[in-house]
Amino acid sequence: MLFQVGGQGSRPTFFEMAAAQQLPASLRAALTYSIGVLALRRPFLHKVLDYEDEFFALLMLVLQTHSLRTTDASFAETLYGLRRRAVKIKMSKNRPGMELTDRVQHSGLQKHQKVLSVAFMVVLPYFKSKLHSIYKREREATLQASLWGPGDIRFDDVDPFDNGEASVDSTGVLTAETSSWERIRKRTKAIIGAFYPWLHATNEGLAFAYQLLYLLDATGFYSPDLHALGIHVCRATGQEIMDNSSKISNMRSRERERLRGPPWLKALQSMLLSCIYTSLDYAQTGLIAAVFFFKMMEWWYQSAEERMSAPTVYPPPPPPPPPKVAEGGIPLPPDRAICPLCSQKRVNPSVAAVSGFVFCYTCIFRYVTQYKRCPVTLMPTTADQIRKLFHDL
């Protein structure tokens, strides 16, 4: 097979890596939506949405730093049982006269690799999001300028009682007050708007190439970031998970031993550390579970509201009684397939709309054209109220 589909070996499958990579973006979308719904009742939460990039970057900084410090993996990789390993490639020669072969050795992450991993997983996505926002604003401004002209003044903003002098003066004042910082800022935004699509396309193309090579088992690096850091993502064994638990407990024990101060202060610090440890340990699964629970509650609440606000469905009203035969009208034949006018089987059945009785088209057309009424009920009608029936019951 060209690529690994099952769960054998220490090398994660393409689907595991893709799921771990998409988890932060999915979590951000869910958190943004949840906060937006809560902001409908708590308006102060709109401040969080105004600084969405900063709040999410801070949250990811805490989660990723804690996860890399304790498990040598990102928080998404931890949920899938994955670990990051530093790659060391050594050249080996099995027998004399044979070619050299590459041997890949894995080891634990070094401190600079953890720091750079946080930078690639938190800082770089933050700047990408900011650049994307600037590009969107510049694109909207360019579209607006193409629609309304090069200026920022729309038709709605023009004062119809202005004689034109005020606009000239205001334009001169604005030109005089434009600082060099504003010019640099506008120039920077214009440069970003021009070059961002190329940077984004290059980044996405490299990411796609690495993912395709990883899928075809041509490389062990899933992304350019991991290749630049020299890191492979591997599955964690049961022994590694057990060793990691003891490592975390020893690390926290040493941190508690380093506490200084009176007994009451040490107790307070120990309690705060315990709260922080508990929050960080359950922050990963707690966030996902909370968002899932919130979405379920919202779905249930919307369903209940729809059931309560749904209009009551009443049974259809009974049909009106059929019109009665007038005293001077033509009597109805006992067989419904017989035309009341010619007393023969109906041909090209047609109905008089005012009464609902069916006749031959030729018979009813001649009668209505001459007498301007229904032959059975004697109700006034015209030839325009004759309807052809394409299926005679």
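The values are calculated or read from the model by the stated rules, or taken from the named source; none is laboratory data. Just so it is clear, the model here is predicted, and its values are computed rather than measured. All Cβ positions, glycine included, derive from the backbone under ideal geometry; neighbour counts span all protein chains shown. Just so you know, the surface numbers come from the protein's heavy atoms only, side chains and all, with ligands and any DNA or RNA stripped out. Shrake-Rupley method; radii C 1.70, N 1.55, O 1.52, S 1.80 Å.
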Self-check item: Scan of segment 34-53 for residues that are closer than 19 Å to Ser129 by Cα and in contact (Cβ under 8 Å) with a residue 40 or more places away in the chain, ordered by number
Solution: Asp53
Practice problem: Return the only residue of Glu327, Glu305 being at pLDDT below 75 and either surrounded by 10 or more Cβ atoms within 10 Å (Cβ to Cβ) or not in a helix (DSSP H, G or I) (or both). | Solution: Glu305
Quiz item: Limited to segment 339-369, what total is found for residues that are over 60 Å from the mean Cα position of the chain (by Cα) and either buried (at least 17 other Cβ atoms within 10 Å of the Cβ) or under 18 Å from Met379 (Cβ atoms) (or both)?
Solution: 14
Exercise. Being out of contact with any Gly (no Cβ under 8 Å at 6 or more places or on another chain) and exposed (fewer than 14 other Cβ atoms within 10 Å of the Cβ) is the filter; apply it to segment 231-247 and report the residue that is nearest to Gln105 (Cα to Cα).
Key: Thr237
Quiz item: How many of the residues making up segment 221-230 are open to solvent by less than 30 Å² (accessible area, probe 1.4 Å) and small (Gly, Ala, Ser)?
Solution: 2
Exercise. Scan segment 115-139 for residues that are in contact with a Leu (Cβ under 8 Å, 6 or more places away or on another chain) and open to solvent by less than 50 Å² (accessible area, probe 1.4 Å) and jot them down.
Key: Ser117, Val118, Val122
Quiz item: Can you pull out the residues in segment 17-41 that are touching a helix residue (DSSP H, G or I) at 6+ places or on another chain (Cβ under 9 Å) and of a type in the set (D, E, K, R)?
Solution: Arg28
Quiz item: Quick check: is even one residue across segment 162-182 farther than 28 Å from Ala228 by Cβ, at pLDDT 80 or above, small (Gly, Ala, Ser) and surrounded by 11 or more Cβ atoms within 10 Å (Cβ to Cβ)?
Solution: no
Practice problem: Kindly list the number of the only condition in (1) over 24 Å from Asp72 (Cα atoms); (2) part of a helix (DSSP H, G or I); (3) aliphatic (A, V, I, L, M) that fails for Ala218. | Solution: (2)
Practice problem: Considering each residue of segment 343-393, count those that are closer than 24 Å to Glu327 by Cα, in a loop (DSSP other than H, G, I, E, B) and of a type in the set (Val, Ile, Thr), and give that number. | Solution: 5
Practice problem: Give me the pairs, please: first residue somewhere in segment 115-144 and without any contact (Cβ under 8 Å) to a residue 24 or more places away in the chain, second residue anywhere and open to solvent by less than 50 Å² (accessible area, probe 1.4 Å), beta-carbon distance under 6 Å, and either six or more positions apart or on two chains. | Solution: none
Exercise. For residues that are touching a His at 6+ places or on another chain (Cβ under 9 Å) and closer than 30 Å to Glu138 by Cα, scanning just segment 183-220, find the one that is surrounded by the fewest Cβ atoms within 10 Å (Cβ to Cβ).
Key: His200
Practice problem: Select from segment 63-104 the residues that are at pLDDT 70 or above, surrounded by fewer than 19 Cβ atoms within 10 Å (Cβ to Cβ) and either of a type in the set (Val, Ile, Thr) or more than 30 Å from the chain's Cα centre (by Cα) (or both) and list them in ascending order. | Solution: Thr65, Arg69, Thr70, Ala86, Val87, Lys88
Quiz item: Any idea which of (1) hydroxyl-bearing (Ser, Thr, Tyr); (2) outside any helix (DSSP H, G or I); (3) modelled with pLDDT of 75 or more is the one Thr312 doesn't satisfy?
Solution: (3)
